[in-house]
1. With label points built 7 Å along Cα→Cβ from the Cα atoms of residue A:20 and residue A:126, find their separation and express it in nm.
2. What angle, in degrees between 0 and 90 and rounded to the nearest 10, separates the Cα long axis of helix B:187-216 from the longest principal axis of the Cα atoms of chain B?
3. Assign one of three labels to chain A, namely rounded, prolate or oblate, based on the Cα gyration tensor with a ≥ b ≥ c the square roots of its eigenvalues; rounded applies when a/c is under 1.5, prolate when it is not and a/b is larger than b/c, and oblate otherwise.
4. Within segment B:100-114, which residues have the backbone N less than 14 Å from the label spot 7 Å out from residue B:47 along Cα→beta-carbon, could you tell me?
5. Which whole number gives the average count of other chain Cβ atoms within 10 Å of the Cβ atoms across peptide B:159-165?
6. Mean residue ellipticity at 222 nm from the helices of chain A, using -39,500 (n - 2.57) per DSSP H segment of n ≥ 4 over the full residue count, to the nearest 500 deg cm²/dmol?
7. Quick one: which of A:73-85, B:192-204 comes out on top by average Cβ neighbours within 10 Å, and what's the full order, highest first?
8. When you look at the Cβ of every residue in A:65-73, what mean number of other chain Cβ atoms sits within 10 Å?
């Protein structure tokens, strides 16, 4: 088991870095997209509400792998060339943004109605009230679930292995298929994933308890 | 248009639908097994048997924090090294069951924990034993709270069966790839078919869930 690491630490480290990188990029963009659609859902415009709902339901109910492969297989064939890492990260972003939208929407709705009424009574516009009063409070509620989304994101980033994204799972698979030491390689890869996800998940559980 | 008609020929559609059936088969078996194991593990973790619960809890945390894809690879490509060989269908079901049981155990545990402690105290004070209180009073209330997270877990399980395409399980995604592999003009129609089929199954399940939620609340 230690052999796998000492002989292949360069590939593994590269994969580890790529997994972290694509997770952080996808988190950043899916936070922006997700929050936008979450706000669509609470705005008093029916059209935006429907657009938000459709976006969320579509990307929540289609497997991430199908979305990722669409960008890796179909998009280069008919539109623009994308490498595996980019295609996978786009897929991850779209998929995760639908879950983040749901989380943020729940957070916004958890903020007491009186907050919005008070802000409006003080002369703030709807968008001002949303930005200065509601969203800061909502984000406090959504930090633990967002942390859990990030853990899912790191785990889900393993689908980059399907699209030659050079992430940890891809590198592990490449090592396993050259050395034939599948058993030990996958255990080492698992330990590397746990180094990211396990501390995060314990920290989120602690935060949940503290904020509850 | 003739492209579409060709892509969605009866032979292709039937081939895809057979794949959908494999997807549903794997999902249903894994859902049933992981619900049983997950509930048992979740209760063990909640009840705090000395030593046993701590170990069970730690193993659950380890499995929950690994990618399912890794477990799938490990089951199908890794385990044969120590003499455990499975065909794709059983390997997929085994890996999904292990992963989902851990996820469900956590849902069950937090569902039970969310029930007010006064309920158990009340049950004990009217003379019930701890286990009677758990079974008759606490678990039914916890079940109600667990329905929404359980259903979203089942939905992600259905979506995750697509990962088994890599261990050549002939499920929906695998079959779509075979069809468009023969003719790239079928690519977009196949991805549309995939999206629609997965969407219909998963969305239907989420509608059933929100119906259930309304009825129980």
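None of the figures in this text is laboratory data; all of them are computed from the coordinates on show. Not measured: the values here are computed from a predicted model. Glycine gets a Cβ as well: all are built from the backbone with ideal geometry, and neighbour counts include every protein chain shown.
1. 4.3 nm
2. For helix B:187-216, the angle is close to 20 degrees.
3. Working: a/c = 3.47, a/b = 1.78, b/c = 1.94.
Oblate.
4. B:109
5. Partner-chain Cβ atoms within 10 Å, mean over residues of B:159-165: 5.
6. Helices in chain A give a 222 nm mean residue ellipticity of -27000 deg cm²/dmol.
7. On the way: A:73-85: 13.8, B:192-204: 17.8.
The packing order, highest mean first, is B:192-204, A:73-85.
8. Mean partner shielding for this stretch: 5.
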